[in-house]
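The values are calculated or read from the model by the stated rules, or taken from the named source; none is laboratory data. The shown structure was predicted, so the numbers you read here are calculated from the model rather than taken from an experiment. When we count neighbours, we look across all protein chains shown, and the Cβ atoms used for this are built from the backbone with ideal geometry, even at glycine. Ligands, DNA and RNA are excluded from the accessible area calculation, which covers all protein heavy atoms including side chains. Shrake-Rupley method; radii C 1.70, N 1.55, O 1.52, S 1.80 Å.
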Amino acid sequence: MPSPTGPLVTSDRVHAARALAAESGTDLLVLTPGSDLRYLTGYDAHAMERLTALAVPRVGEPFLVVPRLEAPMVDVSPAGALGLDVLAWDETDDAFALLAGEATARLGSAPARVAVGARTWAEHVLGVQRALPGSALELAGPVLDRLRMVKSAAEIEELALAGAAIDRVHARMAEFLTVGRTEAAVGADIAAAILEEGHVGVDFTIVGSGPNGASPHHELSDRVVRAGDVVVVDIGGETATGYRSDCTRTYVVGGSAPADVAEWYAVLHAAQQASVAAVRPGVTAEQVDAAARDVIADAGWGEHFIHRTGHGIGLDSHEAPYIVAGNDLPLEPGMAFSVEPGIYLAGRCGARIEDIVVCTDDGVRSLNGGPRELVELPG
Ligand code: ZN
Ligand code: ZN
């Protein structure tokens, strides 16, 4: 059934990448399995020692270098419909020499500048360098980030589905998060629910109870949840199309929040709302960060907000644009990112509120729902 928002992967992406690379003077892009390759071609290849790479020369058509035993998988992936040239190599071939020779032939001379993906394995980067000894290597990030950070309508709907799926997990938190259970046991149930509610993979389950909540990236431990604990639950997963969810809510289990916690939590809540409300085209990423940070700092809690306000999200959980001081990138319609300020009191507890939002033509759309207040669970 055709999607009302159009296909997820189209061949204009790889041509747009070629145009952007050419504009910046890059002669050849080389992208190995991962989100950049999946974004440009729809091919969700698994990373391994055998070389799979999309080569995008500045002139001429892009081509895929793949191990012959995996060539059938390209055909059945969305990449099969894009009409890319596929160069299959046999087990005893030099795949890097194949890539270098073909790119040089298409360009008419060896590339002076070759850009590789940020997460390309070192053995593959060094293989490319060996096969093209006269080429200068650089990162393809500027080209790929530029394309990937502005989502199409179809991508935004995928992120909205992911957001609704993770919201359903948070809505079930009373089932999992109860007094007397360890964070690890709670996390195992949450991971199962992430899969039940519409994901194909679990990216992370952070259950930071009591003092563990003061460590923003604490995952799980054997600490037993006690009555009255403040618990940070930050969870996310991968959907079938590769798009990610990421949502944080903070709970109080088996009791009410102490008065002082309620007081600074109200500051955090106001900060998160101010930051979301600041999102619109033309506002810079650092202004969205400042909108949250100023509220927290003005209330005297600035030193306890120890991370950036957010990160882009798409085929990766963390990608451009980063919502951080120093990033003067103006927001554009279609940019999707988290807004997740937190307050952390070492040795005691922490709290964070995180929504995924999209910059629209005239403002902002939140892809998460559910209460942002401290949620009291019966315990
Ligand atoms: Zn998160
Ligand atoms: Zn996040």
Q: Quantify, in whole percent, the carbon and sulfur part of the accessible surface of the stretch 306-379 (1.4 Å probe; protein heavy atoms only).
A: 53 percent
Q. In deg cm²/dmol, rounded to 500, what helix-only [θ] at 222 nm does the chain give when every DSSP H run of at least 4 residues adds -39500 (n - 2.57) and the total is split over its residues?
A. -10000 deg cm²/dmol
Q: State the answer as a single residue: which of Ala290, His311, Ala191 lies farthest towards the positive end of the charge dipole of the chain, with beta carbon charges of +1 for Lys and Arg and -1 for Asp and Glu, about the Cα centre.
A: Ala290
(Q) If you consider only alpha-carbon coordinates, what radius of gyration and Dmax does the chain have, in Å? (A) 22.9, 72
Q | Relative contact order [Cα under 8 Å, 6+ residues apart], the stretch 153-377, whole percent | A | 24 percent
Q: Give the ranking of Glu332, Glu70 by solvent-accessible surface, highest area first, calculated with a 1.4 Å probe.
A: Glu332, Glu70
Q: Pop out the carbon and sulfur fraction of the accessible area of the stretch 11-148 as a percent, whole number, probe 1.4 Å.
A: 55 percent
Q | Computed over the stretch 153-377, Kirkwood Rh from alpha-carbon pairs, angstrom | A | 17.2 Å
Q | Mean Cβ count within 10 Å, highest first, over the residues of peptides 103-114, 80-91, 155-166 | A | 155-166, 103-114, 80-91
Q) Taking the Cα atoms only, what angle lies between the long axis of helix 122-131 and the longest principal axis of the chain, rounded to 10 degrees? A) 20 degrees
Q. Quick one: helix 183-196 against the long Cα principal axis of the chain, what's the angle to the nearest 10°, folded into 0 to 90?
A. 50 degrees
Q: Take the stretch 288-362, drop everything but the C-alpha atoms, weight them equally and run the Debye formula without solvent; then report log10 I(q)/I(0) at 0.23, 0.24 Å⁻¹ to two decimals.
A: -1.06, -1.12
Q) After finding the eigenvalues of the alpha carbon gyration tensor for the stretch 158-204, what semi-axes result from the square roots of 5 times each, listed largest first in whole Å? A) 21, 11, 7
Q | Alpha-carbon centroids, the stretch 206-253 and the stretch 1-64: separation in whole Å | A | 35 Å
Q. Considering only Gly334, Gly83, Gly208, whose Cα is most displaced toward the positive end of the charge dipole of the chain, charges sitting on Cβ of Lys, Arg (+1) and Asp, Glu (-1)?
A. Gly334
Q) Pairing the Cα long axis of helix 285-298 with the longest principal axis of the chain, what angle in degrees results, from 0 to 90 and rounded to the nearest 10? A) 20 degrees
**Q.** Ellipsoid semi-axes in whole angstrom, largest first, where each is sqrt(5λ) of the Cα gyration tensor of the stretch 262-325
**A.** 22, 13, 10
Q: Compute the accessible area per residue over the chain, keeping the other protein chains in place, probe 1.4 Å, unit Å².
A: 40 Å²
**Q.** Overall form of the stretch 1-132 per C-alpha gyration tensor (a/c, 1.5; a/b vs b/c)
**A.** oblate
